[in-house]
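The values are calculated or read from the model by the stated rules, or taken from the named source; none is laboratory data. Fair warning: this is a prediction, and the values are worked out from it, not measured in the lab. No Cβ is skipped: glycine too gets one built from the backbone with ideal geometry, and neighbour counts run over all protein chains shown. Each accessible area value is taken on the protein alone, full model and side chains, heavy atoms only, with ligands, DNA and RNA left out. Shrake-Rupley method; radii C 1.70, N 1.55, O 1.52, S 1.80 Å.
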Amino acid sequence: MSDRKRVCIIGAGPCGMAALRNFSQSALDVRPEVVCYEKQNTWGGLWNFTWLTGTDEYGEPCHGGQYKHLWSNGPKECLEFPDYTFDDHFRCPIPSFPPRAVLREYLEGRWTNGDDDLRKYIKFNTVVRNVVYNDASQNFTVVSTDLKAGVSSTEVFSHVIVAVGIFNVPNKPHFDGIDTFEGRIMHSHDFRDAKEFKGQRVLVVGASYSAEDLAMQCLKFGAKSAICTWRTKPMGFKWPKGIEERPLLLRLDSNTAYFKDGSSAKVDAILLCTGYRYAFPFLEDRLRLQSGLTMYPDDLYKATLWLRSGGGRLFYMGLQDQYFSYTMFETEAIWTCRYIMGTIPGEPKSQAEMRADAENWVARRKELKGPHDDIDFQADFIADLSAAVGYKPEAKKVADMFHKWEHDKDADIVSYRDQSFQSVFTGTVAPTLKSTWWRAFDDSKEAFVKNSE
Ligand code: FAD
Ligand code: NAP
């Protein structure tokens, strides 16, 4: 192997693409050779809508879990790139909570905006099957399979960036009697269209974003009612008529659900909105992060560099529970790429210094008391990382918008997507929707842009 660094990026979702784009824009004398493996036939990660569920056409686990009629659940002003704003892309102001396709177009616009064609670095339809770190040669052996050709190959890399996402392997808890249930049972990962539940009484298990949005979607598209059942804490929103919350589901007997408070209800369908498991089946055990969803996983310097093995050459991206998304990924990408290229002043630090830094963040994480603390914590993390590389995502100003957004949701869960936010980069105040989110049934970009005033 030559002295030139060779970087393997696994995944061409928003994280992997941010890393790829940063490498492609770096100076030629430090730029490594980069290969990105993507098991889907295009880039975009979760933002690629697919009707497929379960396994894909090659028998691989289907990655995507987004659905028709999904709109951003956070203001777009909280995920706006400073150097590629919404005004830059759309050339006119658009409302703050875009539908899925509009955000995907924004991402793609960024990836196709430069002179370099990023597609040439990506091996599409190619799944990474195995990654092993070789201690003696301090490099990685990566085995991948070209799914179309059915052919596997082995390559050696000096560094590996794992960017496969954290919301694609569904967590499916068991409830007594669930096998006796007569209606449809699905995990939110398989949910594609709320119209399927028109006229039905839906039981939603879980108390987080998917539970909230699926209950609302179902009602919006004609479900008769939704009961959301919580384990740790109810969501506590002022729900529209038709949605209620109850303590945890204990068991099912045919179509009757029994809850922890002794109550019961007849339901027609069950939506398990019970989150996801972190899964990195292609990594050898010592490289594999062991964690559940958290604001800062253990054993990672700057939440990216794996400290337990891999010779300081294995990186993860986008692992944290996400308030900030695109700009956090971008910050991690800039930091990771520059770290690998050796252009961050003061890096690399000693193992002891990196450990102490990571433990400090984990100790802070353990003190977090709720969403507002989480938002400030994530803003501090991004501010810390971006300061090290001179990037300016204005994380603290964006955090103020997230705090307002949380208050908007508490005030009225039906209308929070009708609110307008102001870009911290352009000063543009988003127009409002002519018809509200609740009444908007056409999610196309054209309808969305026309729907603003
Ligand atoms: P992903 O988008 O999951 O991309 C990972 C990529 O890795 C995929 O393309 C996958 O095919 C590929 N891959 C996986 N394994 C392999 C392998 N072994 N070999 C090769 N390739 C592989 N965020 C927001 O900011 N706003 C929203 O409104 C929003 N809505 C969401 C709705 C849902 C239902 C979900 C589940 C998440 C939502 N998110 C939202 C969060 C989402 O996680 C991020 O926006 C973003 O997609 C994360 O990017 P990523 O690159 O880390 O992962
Ligand atoms: P999540 O945030 O991890 O929430 C999982 C929920 O499942 C939690 O409420 C958890 O309860 C519950 N749960 C887990 N195991 C359970 C069990 N055995 N019994 C009962 N409840 C159980 O996952 P998510 O809600 O799917 O969100 C994932 C991501 O998707 C987020 O980033 C979110 O923003 C995104 N998303 C976006 C939209 C959108 O509108 N754009 C819609 C959906 C999702 P505990 O609190 O008790 O652990």
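Results, tabulated for the structure shown:
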| read-out | value |
| --- | --- |
| Nearest-0.05 FRET efficiency for residue 176 and residue 392, computed from C-beta distance (R0 45 Å) | 0.25 |
| Net charge contributed by nearby residues that have their C-beta within less than 11 Å of residue 434 (K/R +1, D/E -1) | 0 |
| In the range 249-302, trypsin sites (Lys or Arg not before Pro) in a DSSP loop with at most 16 other beta-carbon atoms within 10 Å | 260, 277 |
| GluC sites (Glu not before Pro) within the range 88-189: DSSP coil, no more than 11 neighbouring Cβ in 10 Å | 182 |
| For the chain, with +1 on Lys and Arg beta carbons and -1 on Asp and Glu, the positive-most of 209, 121, 173 along the dipole | 173 |
| With Cα atoms, 0 to 90° folded angle of helix 326-341 axis to the chain main axis | 20 degrees |
| Total formal charge among the other residues, if their Cβ is under 13 angstrom from that of residue 83, Lys/Arg +1 and Asp/Glu -1 | -2 |
| Solvent-accessible area, 1.4 Å probe, carbon plus sulfur percent, for the range 172-272 | 48 percent |
| Burial order of peptide ranges 137-150, 15-28 (average beta-carbon count within 10 Å, highest first) | 15-28, 137-150 |
| When the convex hull of its Cα atoms is projected in every direction, mean area for the range 86-165 (nm²) | 8.0 nm² |
| Where only C-alpha atoms are counted, convex hull volume of the chain per residue in Å³ | 148 Å³ |
| Neighbour-limited loop hits for GluC sites (Glu not before Pro), the range 304-390 (at most 11 other Cβ within 10 Å; DSSP other than H, G, I, E, B) | 367 |
| The chain: angle of helix 395-411 to the longest principal axis, Cα-based, in degrees nearest 10 | 10 degrees |
| Neighbour net charge for residue 7 - beta-carbon separation under 11 angstrom, K R +1, D E -1 | +4 |
| Fraction of the pair-distance distribution of the range 258-323 above 17 Å, Cα-Cα pairs, percent | 55 percent |
| Accessible area in square angstrom per residue, the chain, 1.4 angstrom probe | 42 Å² |
| Inter-label distance, nm, simple model (7 Å from Cα along the C-beta direction), residue 146/residue 132 | 2.3 nm |
| Convex hull per residue volume in Å³, alpha carbons only, for the range 150-305 | 167 Å³ |
| Overall form of the range 344-420 per C-alpha gyration tensor (a/c, 1.5; a/b vs b/c) | oblate |
| Computed FRET value (nearest 0.05) for residue 3 with residue 308, which takes r as the C-beta separation and R₀ as 35 Å | 0.85 |
| Inter-label distance, nm, simple model (7 Å from Cα along the C-beta direction), residue 373/residue 432 | 3.5 nm |
| Relative contact order, percent, the range 172-272 [alpha-carbon distance under 8 Å, six or more residues apart] | 37 percent |
| Segment residue 184-residue 55, extension gain: residue separation times 0.36 nm, minus the distance between their alpha carbons | 44.6 nm |
| Fully extended contour minus Cα-Cα distance, from residue 115 to residue 356, at 0.36 nm per residue | 82.7 nm |
| Helix 371-389 vs. the chain, principal-axis angle (Cα, 0 to 90°, nearest 10) | 20 degrees |
| Rg ratio (alpha-carbon, reference 2.2 N^0.38 Å) - the range 325-453 | 1.36 |
| The chain, relative contact order [Cα under 8 Å, separation at least 6], % | 19 percent |
| Computed FRET value (nearest 0.05) for residue 380 with residue 444, which takes r as the C-beta separation and R₀ as 45 Å | 0.75 |
| Computed helical MRE - 222 nm, the chain, DSSP H runs ≥ 4 contributing -39500 (n - 2.57), nearest 500 | -8000 deg cm²/dmol |
